[in-house]
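The values are calculated or read from the model by the stated rules, or taken from the named source; none is laboratory data. On a predicted model such as this, the values are computed, not experimentally measured, just so you know. Quick reminder, even Gly has a Cβ in these numbers, built from the backbone with ideal geometry, and neighbours come from all protein chains shown. All accessible areas refer to the heavy atoms of the entire protein, side chains included, with ligands and DNA or RNA removed. Shrake-Rupley method; radii C 1.70, N 1.55, O 1.52, S 1.80 Å.
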Amino acid sequence: MSRFAQVIVLAPYSGEVMQPLTQPDHSRSWEGQFEQLDLFTGVWVIEFERVRPRSGLLRHLESLAWPYPESVQVLIHDEDDDCFGLWMMCDGVLAEQPVPGHRRVHGPVLPPDEYLPCPPSPGVLVRAGTPVLAGHSAERHDKRPAW
């Protein structure tokens with residue numbers, strides 16, 4: 001399934017933690033590698049063209065030994081989102097934080113397909129005033145992590 005997404009990791013003083021993620025590693029659950037931006041603070045970016053190659057990314061980031069986990073911010077912009085979503089560490093878990101004036105809506109859960117299992121959809125981050133499409137709601141239907 002084609003669905004472009006950009007991910008930005010903001011993590012001060014985390015060069016050693018992120019360095020392995022800038023190298024190819026086929027043992028990871030997600031595919032690709034981050035690129036570091038040459039800025040004052042630690043910033044890394046990656047773009048995904050499809051859904052499956054990004055599965056497990058947030059769980060992987062949670063597992064890293066961050067020097068300041070409370071300062072780690074992960075910004076994710078899926079192709080249909082109205083703005084970047086924000087995830088921050090809360091009790092050792094990257095949790096999505098509310099973005100003022102926006103809400104995440106989810107479509108119906110697709111039935112499992114034994115021949116081509118598809119990762120769960122992350123939903124769409126939309127402006128609060130945007131009408132919700134039929135069959136979509138702000139309550140998460142699929143409890144499996146989309147990232």
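In this structure, D91 does satisfy being closer than 30 Å to E16 by Cβ and either open to solvent by less than 50 Å² (accessible area, probe 1.4 Å) or without any contact (Cβ under 8 Å) to a residue 60 or more places away in the chain (or both).
D25: surrounded by fewer than 17 Cβ atoms within 10 Å (Cβ to Cβ) and either of a type in the set (V, I, T) or without any contact (Cβ under 8 Å) to a residue 40 or more places away in the chain (or both), yes or no? So D25 passes the test. Condition check for V99 on (1) outside any loop (DSSP other than H, G, I, E, B); (2) hydrophobic (A, V, I, L, M, F, W, C); (3) open to solvent by less than 50 Å² (accessible area, probe 1.4 Å); (4) under 30 Å from G135 (Cα atoms): one failure, at (1).
Scanning segment 74-88 for residues that are open to solvent by 20 Å² or more (accessible area, probe 1.4 Å) and acidic (D, E), which turns out nearest to V17 (Cα to Cα)? Applying the filter and picking the extreme gives E79. Of the residues making up segment 28-41, those that are closer than 18 Å to R59 by Cα and either open to solvent by less than 90 Å² (accessible area, probe 1.4 Å) or of a type in the set (S, T, Y) (or both) number 6.
Of all residues in segment 1-22, those satisfying the criterion of being touching a residue at least 12 places away in the same chain (Cβ under 8 Å) and loosely packed, with under 12 Cβ neighbours inside 10 Å are M1, S2. For segment 42-52, the set of residues classified as surrounded by fewer than 18 Cβ atoms within 10 Å (Cβ to Cβ) and within 16 Å of V9 (Cα to Cα) consists of V45, E47, listed by residue number. Restricting to segment 1-47, name every residue that is more than 22 Å from E79 (Cβ to Cβ) and of a type in the set (G, A, S). Across segment 1-47, the qualifying residues are A11, S14, G15, S27, G42. Only one entry of S55, S71 meets the criterion of being open to solvent by less than 70 Å² (accessible area, probe 1.4 Å) and modelled with pLDDT under 95, and that entry is S55. Residue pairs whose Cβ atoms lie under 9 Å apart, sitting 6 or more positions apart in sequence or on different chains, and linking a residue in segment 48-63 that is without any contact (Cβ under 8 Å) to a residue 24 or more places away in the chain to a partner that is open to solvent by 30 Å² or more (accessible area, probe 1.4 Å), are P53/E31; P53/G32. Among the residues of segment 111-132, are any in a loop (DSSP other than H, G, I, E, B), open to solvent by 40 Å² or more (accessible area, probe 1.4 Å), over 21 Å from V51 (Cα atoms) and at pLDDT below 80? Yes, segment 111-132 has at least one match. Annotation note: Cβ proximity below 9 Å between a residue of segment 74-85 that is closer than 12 Å to W147 by Cα and a residue that is in a strand (DSSP E or B) and of a type in the set (K, R) (sequence gap 6+ or interchain) occurs for D78/R3.
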